[in-house]
Every structure is written in structure tokens, then in C-alpha cells.
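The values are calculated or read from the model by the stated rules, or taken from the named source; none is laboratory data. Worth saying up front: this structure is predicted, and the values here are computed from it rather than measured. Neighbour counts are summed over all protein chains in view; Cβ atoms, including those assigned to glycine, are modelled from backbone coordinates with ideal geometry.
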Amino acid sequence: MTTALTIQQVAHKTALSVYTLRYYERCGLIAPVGRASNGHRRYSESDIRWIEFLNRLRLTGMPIRQMQQYARLVRQYPDTAFGERKQLLEDHRKAVSEQIQQLQENLAVVDWKIQHYSNLEAKLNEHNNLNA
């Protein structure tokens, strides 16, 4: 038996707002969601897994346009176009790796500066102890 969740439940589960979920559906990131007899959206576990994947792409900085392209390929060619989907993800992975490298280099500079101030404080404390 599959569980059908309301938009509020999915928003809570995915840490996205109701507005964002509706936007994702409007712009084609999410396929049209099933509806209950009262017209309210009902999300399946499959929908939630897809939304969680989209979250990962977004959190790693993938632009919405690329996410839309990927989603379009998945929906239009579910049993083919693997190479195109893979290439999109490989390109994104490369961009994320480069960003991580740049962040590591920037962090090294921050660490150096922290160490520099620690050394200055130690020298000042040593000087003050000698003059005490």
C-alpha cells in the first residue's frame, strides 16, 4: 500500500515550503501530482524521493534551468537518454568539485590568518609576562 501525503506533510518532510512545492510543479521540476477526490494534492513515496533528489541538486548549486532539463529528460525518455542525463550530472559534479576545491583553498587562508593571530597573541602574552 502506498502512502499519499498532503502538500503540508511533504513540505515538512522535505523542508521545502508549500509555495516551493507548487512552484516546482508549475515549472516542470515535479510531474503533475496526483489529486484526491477533493482536488488536493497527494504525493506518493516516489514523488518524495524525486523531491529529495531535486533538493540535493539545488543544495549543490545546480541552476533551476539545468534541473528542468534533467527532469524533462527523465519524464520524456524514462527508458533512454541515459547518456544525456549522466552528462548533465557529470558536468554538475565537476562544477561542485571545483567549488569544493576553491572553498578548501579559501579555508586554508582563513586557517592561516587564525594561526597568525594566535601567534601574535602568544608573543604579546610572553612579552607581558616578561615585563611583569
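Remark: E25 matches the filter, which requires a residue to be farther than 30 Å from L103 by Cα, touching a Pro at 6+ places or on another chain (Cβ under 8 Å) and not assigned by TED's automatic domain parsing to the domain that holds I100. Contact annotation: residue pairs with Cβ atoms under 9 Å, 6 or more positions apart or on different chains, pairing a residue in region 20-39 that is in contact (Cβ under 8 Å) with a residue 40 or more places away in the chain with a partner that is part of a helix (DSSP H, G or I) and loosely packed, with under 13 Cβ neighbours inside 10 Å, are G28/R75; A31/R75.
Suppose we filter region 26-65 for residues that are among the basic types (K, R) and either crowded, with 17+ Cβ neighbours inside 10 Å or within 16 Å of I7 (Cα to Cα) (or both); how many remain?
Of the residues in region 26-65, 5 are among the basic types (K, R) and either crowded, with 17+ Cβ neighbours inside 10 Å or within 16 Å of I7 (Cα to Cα) (or both).
Looking for something in contact with a Cys (Cβ under 8 Å, 6 or more places away or on another chain), in a helix (DSSP H, G or I) and surrounded by 10 or more Cβ atoms within 10 Å (Cβ to Cβ) - is there at least one such residue anywhere in region 66-84? So far as region 66-84 goes, yes, one or more of its residues are in contact with a Cys (Cβ under 8 Å, 6 or more places away or on another chain), in a helix (DSSP H, G or I) and surrounded by 10 or more Cβ atoms within 10 Å (Cβ to Cβ).
Let's see how each residue does on (1) under 18 Å from L57 (Cα atoms); (2) out of contact with any Asp or Glu (no Cβ under 9 Å at 6 or more places or on another chain):
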{"site": "L5", "(1), (2)": "no, no"}
{"site": "Q9", "(1), (2)": "no, yes"}
{"site": "K13", "(1), (2)": "yes, no"}
{"site": "V18", "(1), (2)": "no, yes"}
{"site": "Y23", "(1), (2)": "yes, yes"}
{"site": "C27", "(1), (2)": "yes, yes"}
{"site": "I30", "(1), (2)": "yes, no"}
{"site": "A36", "(1), (2)": "no, yes"}
{"site": "R41", "(1), (2)": "no, no"}
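Cβ-Cβ contacts under 9 Å between residues 6 or more apart (or on different chains), taken from a first residue in region 48-70 that is of a type in the set (S, T, N, Q) to a second residue that is assigned to a helix (DSSP H, G or I) and surrounded by fewer than 16 Cβ atoms within 10 Å (Cβ to Cβ), are listed as T60/R93; T60/A95; T60/V96; T60/Q99; Q66/D91; Q69/E84.
Of all residues in region 1-25, those satisfying the criterion of being surrounded by 16 or more Cβ atoms within 10 Å (Cβ to Cβ) and aliphatic (A, V, I, L, M) are A4, L5, I7, V10, A11, L16, L21.
Taking region 3-19 as the range and being closer than 14 Å to W50 by Cβ and either touching a residue at least 40 places away in the same chain (Cβ under 8 Å) or not basic (K, R) (or both) as the test, the residues that pass are L5, V10, T14, L16.
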